[in-house]
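Colleague: Here you go, one structure.
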Amino acid sequence: MILHTRSTRALGAVALGSALALALSGCGRDDAGGGGEDGGDASSPGITDDSITLGITTPLSGATAGPGTCTVAGLVAYMGERNDEGGIEFGDGNTRTVEIEAWDDAYDPQKALQNFQQNSTDVFAFTSGLGTPTNRAYREAAIDEEVPQVLIQTGDPLFSDQSESPWQIGFVPTYLNEGAAFGELLAASGEDITVAALYQNDDYGEGYFEGFQEAVEGTNVEIVEELTYEATDTSVDAQLTELAGTDADVFFNAMSITPLVISSIEKTKELGWAPSWFLPSNTSSPAAILGPAEANPDDGFYSVSFAKAPQSPAYAEDEDVQTFLSSLEEYAGEYTTTPDFPHCMWSYMIGATLEEAFADMEEPTRDAFMESLRGISNLEAPLMLDGTSVDTTQDGQPAVSSLVVQKYNGAGYDTAESFG
């Protein structure tokens with residue numbers, strides 16, 4: 001079911017710039033930044049005639065280190081391929097290698113802000129990093145300093161509002177998009193369905209639940225109870241016990257913390273509650289979550305995706321998947337060579353999207369980069385599922401807004417044509 005509805009180490013290289021932000025803000029940069037009214041085509045920081053440096057602040061330690069390392073690994077793998085081929089040809093005629101600098105923020109907003117403050121003058125742009133609170137922590141600073149914060153791995157819609165945030169754009173579908181996609185699947189079933197919900201008490205969880213609520217309002221789907229948890233919690237057993245008491249047909253679980261998702265699946269089995277589940281795209285990995293938790297596919301575990309899952313037998317011979325796995329093995333060993341989380345595939349797609357923007361970037365400036373990046377449409381990046389694509393031209397939407405609802409089959413996911 002495809003829906004189009006309203007996440008310190010060196011390796012690889014990239015380039016950036018844009019006139020769009022200049023037009024929106026009405027102000028240019030000084031000579032150090034390049035690209036302003038008086039700066040002409042002077043290069044922005046982090047780019048030379050033969051290389052470009054990108055920065056990533058992301059959790060490389062702590063409870064979200066699994067997906068966090070993947071936000072770097074896929075991008076390093078993609079750019080490693082290109083660098084070995086001699087680099088990427090930019091729109092200004094120069095061929096550049098892409099260097100990636102990654103810093104651990106442990107999913108701590110203050111550390112993310114510090115990473116930005118300490119490195120914003122040394123890199124051309126920040127990209128790919130995981131997390132809503134961490135990306136929000138340096139959003140205002142990035143706008144003030146006119147530093148691109150682009151193709152980041154958060155579904156926060158704030159980053160896709162060009163008028164409010166001219167130097168940012170998200171990559172993955174918004175939380176509202178994901179929640180709405182599952183709500184639409186339930187509503188389309190025509191069945192009377194009860195739902196119990198647990199979601200993270202922040203913009204991440206609230207976004208998922210808001211999208212779901214809007215999709216099921218006035219339908220045969222009834223939300224019988226909703227509870228929240230804090231991202232710092234180490235257990236949600238009390239909430240699960242209360243929700244299990246509803247004996248709801250469906251458990252809408254909007255969690256971002258991998259260990260909590262695993263323990264939630266285990267706890268519901270202990271309680272004798274066997275609902276169908278909805279899980280966010282970033283915490284629904286068969287290899288890292290559903291398998292270790294011994295999730296029963298007969299219960300019905302649903303999620304959404306726009307990326308091919310290498311673990312799925314359906315993609316065992318897929319050319320994109322084979323190239324991706326080979327590149328991950330060759331170039332990303334410092335981070336991970338096991339794509340247990342979709343963030344590995346997403347960051348690989350981010351590499352392809354950046355390459356597309358670089359190819360049309362006619363000046364070595366952040367202004368020119370943003371202008372080029374905002375002009376990509378219908379890009380079928382490697383690993384994308386049929387019916388999904390990259391489109392950065394829609395104000396208010398991230399680079400990817402199309403989704404496929406999928407159901408766990410015990411090894412990977414199949415497209416969910418209906419609920420049940």
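Since every read-out is calculated from the coordinates, none of them should be taken as a lab result. Everything numeric in this text was worked out from a predicted model, so none of it was measured. Methodologically, a virtual Cβ is constructed for each residue, glycine included, from the backbone with ideal geometry; neighbour enumeration extends over all protein chains shown.
Colleague: Quick one: Cα centre-to-centre distance for region 382-420 and region 98-173, in angstrom?
Modeller: Going from one Cα centre to the other spans 24 Å.
Colleague: Right, another one. Would you mind computing, in nm to one decimal, how far apart the modelled labels at residue 233 and residue 214 are, each placed 7 Å from Cα along Cα→Cβ?
Modeller: Calculated label separation equals 2.5 nm.
Colleague: Quick check on packing: order 262-268, 238-244, 363-369, 55-61 by the mean number of other C-beta atoms within 10 Å, highest mean leading. Write down the numbers at each step before the final one.
Modeller: On the way: 262-268: 20.4, 238-244: 18.0, 363-369: 29.4, 55-61: 26.0.
Put in order of decreasing packing, that is 363-369, 55-61, 262-268, 238-244.
Colleague: Something else: For residue 308, list the aspartates and glutamates whose Cα falls under 16 Å from its own Cα; do not include residues on the same chain fewer than 8 positions away.
Modeller: Reachable aspartates and glutamates: 317, 318, 319, 320, 340, 380, 386, 414.
Colleague: Might you report the magnitude of the Cβ-based charge dipole of region 238-346 about its Cα centre, with Lys and Arg at +1 and Asp and Glu at -1, to the nearest 20 debye? Don't skip to the end; give the middle numbers.
Modeller: On the way: 3 positive and 16 negative charges, 63 e Å.
With Lys and Arg at +1 and Asp and Glu at -1, about 300 debye.
Colleague: Report Rg/Rh for region 176-304, rounded to two decimals, where Rg is the Cα radius of gyration and Rh the Kirkwood radius.
Modeller: Values: Rg = 13.2 Å, Rh = 14.3 Å.
Rounded to two decimals, Rg over Rh is 0.92.
Colleague: Ranked by Cβ crowding within 10 angstrom, fewest neighbours first, how are 146, 380 ordered?
Modeller: Working: 146 23, 380 15.
Least crowded to most crowded, the residues run 380, 146.
Colleague: Between residue 114 and residue 316, what is the label-to-label distance in nm when each label sits 7 Å out along the Cα-to-Cβ direction?
Modeller: Output for this residue pair reads 4.8 nm.
Colleague: Could you size up the charge dipole of region 63-218 around its Cα centre, putting +1 on the beta carbon of Lys and Arg and -1 on that of Asp and Glu, and report it in debye to the nearest 20? Let's see the in-between values first.
Modeller: Details: 5 positive and 28 negative charges, 65 e Å.
Magnitude of the dipole: close to 300 debye.
Colleague: Only Cα pairs under 8 Å and at least 6 apart count here; give the relative contact order of region 176-304 as a rounded whole percent.
Modeller: Values: 235 pairs, mean separation 33.7, N = 129.
Rounded, it is 26 percent for region 176-304.
Colleague: At a Cα cut-off below 28 Å, give the lysines reachable from residue 267, other chains included and same-chain residues fewer than 8 away excluded.
Modeller: 407
Colleague: Then there's this: Please compute the volume of the convex hull spanned by the alpha-carbon atoms of the chain and report it per residue in Å³. The partial results should precede the final answer.
Modeller: On the way: hull volume 48.0 nm³, N = 420.
Per residue, the Cα convex hull of the chain comes to 114 Å³.
Colleague: Now for a separate question. Can you put 49, 233, 249 in order, fewest other beta carbons within 10 Å first?
Modeller: Values: 49 12, 233 15, 249 20.
Final ranking by Cβ density, sparse to dense: 49, 233, 249.
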